[in-house]
Amino acid sequence: MSSTPCPSRSTLPVGHPLQALPASLHPPAFAQPARPRLLVAGAAGVLGSEVLRRLVGSGRFAHTEVLVSEPMATGLPAVGIALAAPLPIEHWPARPQPAHTGLVMFEPPRLYYGRERTLWTPTPEQLPALARWLKRCGVQTLVIVVPHASGRLPDALKRGLANLDEQAVVALGFERVLLVRSARKAEAPAVSGLLEKTADWMLSTLKYMIPASEQPVRPSKLAEFVDAALRVLPPGTHVAAPELLWQAGQSTTTGQSAGQARNMHSLVQAWLAGRHNPTQNSAPDSTPPLHRSSPD
């Protein structure tokens, strides 16, 4: 007795139930969103190395480029170099592949680290030109770590734009701008005589009069804050005040702990949720108080 052969799938009419059977046995393939690219200017110093290590290790960026003044080998597959031409920044060509996120830091290189001497570090005066170049490179999210002397930043500038250069950067039309106002440690003055050493010791006691909320934050905590903020940063201009960074320095990485410490993620979420509260942050796209128009 002969059996009727089963027709092959290619000979089945369109819409036959057997055609859908093989496809139903395999889960649908979802397209993964493309990871953004990161472009870093100023990766030197303790802070620069900590922030770079944190962001590269997060795995959220498909590739990271670091501005250097001379060729060097990185040794990391996901990290490359972008050679800063010995020309004014206005004449720099855009990068071959656009970057989504830009990071600018101003900490000088540690001279006893030979590799850091090849890293290109901008000066605050170069910020407007550098921001325009990053905009030409396709950057949509810009993070600027702005250092200042402990206890010397006026309250009016802690949560707003501090100068015309920052206003010019915001006016370029980035989708997101994050200004991180980080206090830096005071450099020890070079003294030689006994009287100078005595005067320096007496003046050093003034540092105990600076509030704890305006003291420098550990670079590892500052890097953790930048990483957490980049994950949830909404469109607009945001200014992280020194008090917020001090809270970030007291936060934990595993959740609630004794006292009032919170983990970094919840701290950033609470800051962004209460950004209209003047005790936490200025509103997005805000301007300094002196430039605000008075209400009618």
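Computed from label points 7 Å out along Cα-Cβ, the spacing between R136 and Y112 is 4.0 nm. Modelled spin-label separation between T74 and A270, with each label point placed 7 Å from Cα along the Cα-to-Cβ direction: 3.6 nm. Of the peptides 166-179, 65-78, 89-102, 133-146, the ranking by mean beta-carbon count within 10 Å, highest at the top, reads 133-146, 166-179, 89-102, 65-78.
When the chain is fully extended, how far beyond the present Cα-Cα distance does N163 get from R53, taking 0.36 nm per residue of separation? Let's see the in-between values first.
Working: separation 110, 0.36 × 110 = 39.60 nm, distance 3.03 nm.
Roughly 36.6 nm would be gained on extension.
Between Q97 and V232, the modelled label-to-label distance comes to 3.0 nm, taking each label 7 Å out from Cα in the direction of the beta carbon.
A short reminder: the numbers here are calculations on the coordinates, not readings from a lab. Predicted, not measured: the structure shown is a model, and the values here were computed from it. All Cβ positions, glycine included, derive from the backbone under ideal geometry; neighbour counts span all protein chains shown.
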